[in-house]
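The values are calculated or read from the model by the stated rules, or taken from the named source; none is laboratory data. Remember, it's a predicted structure, so these values are computed and weren't measured experimentally. Cβ placement follows ideal geometry from the backbone for every residue including glycine, while neighbour counts extend to all protein chains displayed. Accessible surface areas use protein heavy atoms only, side chains included; no ligands, DNA or RNA. Shrake-Rupley method; radii C 1.70, N 1.55, O 1.52, S 1.80 Å.
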Amino acid sequence: MTREQETVKAFFTELMRSPLQTFPAFRRELKAPDRRGVYVIYDPRGKVVHVGRTPKAKGGIAQRLRNHMSASSSFTNQYLKGEGSKLRGKYKFRCIVVDDRRRRALLEAYAIGQLCPTHIGLG
């Protein structure tokens, strides 16, 4: 295994150990990093439904998760039929900040391969 592969695997372990948080109820604040990274979304039964990263989000993970709650993403449009509000108070997420662009992409790909989410954004 290369050093880069070991690094990606270590990031995955850290991601899976990060706190599981519930999407906020209406009028509650989302508590997520404003830096770029990778996140995993779970349905109310605990099944992984989406793995994503923040390639461009200026507001980082928090902005991307807010996009999902407001139906401004392929995940909510395809998987939740445009009803991002379904995430609130029921679905959960965990995330990790990854500043390096390449490592973010590799971690997202590795997490998708390990977790086999329901939605992978094939459009």
- Carbon plus sulfur, as percent of the 1.4 Å-probe accessible area of the chain, comes to 47
- Value of relative contact order over the chain, rounded to a whole percent, pairs C-alpha under 8 Å and six or more apart: 35
- Here are some values of Cα extents along the principal axes in Å: [x] 54, 32, 23; [y] 44, 26, 25; [z] 44, 34, 31. Which one was computed from this structure? [y]
- Sum up the lysine pairs in region 1-114 that clear both bars: alpha-carbon distance under 27 Å and a spacing of 8 or more or different chains. 27
- Residue-normalised value, i.e. accessible area per residue, for the chain at 1.4 Å probe, in Å², stands at 59
- Task: Choose one of L15, G46, P117: the residue whose Cα lies farthest towards the positive end of the charge dipole of the chain (beta-carbon charges +1 Lys, Arg; -1 Asp, Glu; about the Cα centre).
- Result: G46
- Note on the structure: Length gained if E14 through S74 is fully extended, taking 0.36 nm per residue and subtracting the Cα-Cα distance, is 19.0 nm
